[in-house]
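Take a look at the structure set out below.
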Amino acid sequence: MTLHWEPAQPHNELPPLPPPVELETKTVLKQAIAASRALAELKKAVELIPKPDMLINTLPVLEARASSEIENIVTTADRLFRHLASEREPDPATKEALRYRHALLEGYRDLESHPLNTRTAEVVCSRIKGTEMRVRRVPGTFIADKTSGEVIYTPPEHEDRIRSLLKNWEEFLHMEEEIEPLVRMATAHYQFEAIHPFTDGNGRTGRVLNSLFLVDQGLLPLPVLYMSRFIIDYKNDYYELLRDVTRSEEWEPWILFMLRGVEKTSIWTTEKIGAIRRLREHTGRFVKEKLPKIYSLELVDILFEQPYCRISNLVEAGIVGRQAASRYLKELASIGVLVEQTIGREKLFTHPKLLDLLTSEADEAEPYA
């Protein structure tokens, strides 16, 4: 049992990593093999997509919506995609979820020049919250039951202690290489949530860091693992297992939960990417047959960068000028590939089959008529 923990008292005795228990039990290693295999298949599927923009502009939007929903910030994927293509001001929940997506993509680009560390966490949390976020300096942060108001956890206090724990967290991520990477990810995710280094945004920041760690370790080329979908489905288990590690050092159930999440999410995401790839090929053949004068691979690729398209997307991609871009999109609408919409003063062209693939459980799109 953990002896120095009371929910209403700062958990200043939070043990450093690695914990004094066997992390890689036989059961954990067996599940880690299954999760690694599924993740490897996902990596292969990502590498088969000819243009990474097709994934980097879409799957992180789904992750942003789901991760925000875990924190009771509720919007829809359709609304998020629409506002990515629109200049109109989104509603507050959509705006906050879009900040999550920006944080994930900025963190991913930042990996090229900086290792995953405390600075990364501060940058990611700042983007998520839309204001500068730094490690907590003052006491008073706690987690309470939303219904009863009862305090269920109080994280460590004092900036020096928090930064020391984060330094240990960094070293565990990068130096404990004898521990299987996915086991390290699960262990470090608990630790980050227990440190709770910011006054707000810790859960979403921690989930972004999971995706970035997979890229940092070379397990994925892009941060496209839609892990928050699994956590939403098992939200109560997620929080209860986190608390069990704190209460009684029950590490194995927590690590198994996270590994199963990686496995299930990898399988789901691989199937979704396969469906997008098949739809792209089918759309290319259909457009080439029906509109041979405007067909090009570049035009078809633009239609798959996100499910809402504007005239300016074609212009900025250098495909055609503004007048021709308007005509191209209207011709694509005339054969049923796109649907024209007027939102305020803007013309948006929806790609319904792609939008349905991204926002439903379907893994096949109906053929064009």
Prolate/oblate/rounded label for the range 274-359 (Cα gyration tensor, a/c 1.5): oblate
Contact order relative to length for the range 36-117, counting C-alpha pairs under 8 Å separated by 6 or more residues, stands in percent at 26
Compute the distance from the alpha-carbon center of the range 330-369 to that of the range 95-174, in whole Å. 38
Against the longest principal axis of the chain, how steep is helix 235-248, in degrees 0 to 90 to the nearest 10, with axes from Cα atoms? 20
What is the range 222-343 by shape, rounded, prolate or oblate, if you read a ≥ b ≥ c off the alpha carbon gyration tensor as root eigenvalues and call it rounded for a/c under 1.5, prolate for a/b larger than b/c, and oblate otherwise? prolate
Could you check which residue among Arg260, Arg243, Arg285 shows the biggest mean-square fluctuation in a GNM of the chain with a 10 Å Cα cutoff? Arg285
Treating cross-link reach as a plain straight distance, find the lysines whose alpha-carbon is under 21 Å from the alpha-carbon of Lys290, omitting any fewer than eight places away in the same chain. Lys330, Lys353
Along the Cα-to-Cβ line of Thr131, 7 Å from the Cα, sits a label point; which residues in the range 187-219 have backbone N less than 15 Å from it? 198-202
Based on the Cβ-Cβ distance from Tyr368 to Arg322, what FRET efficiency comes out when R0 is 41 Å, to the nearest 0.05? 0.95
So for the range 1-90, using the alpha carbon gyration tensor with a ≥ b ≥ c as root eigenvalues (a/c under 1.5 gives rounded; past that, a/b versus b/c decides prolate or oblate), I'd call it oblate
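Where a number appears in this text, it was derived from the coordinates with a stated rule and is not lab data. Computed from a predicted structure; not experimentally measured. Backbone-built Cβ (ideal geometry, glycine too); neighbour counts: all protein chains shown.
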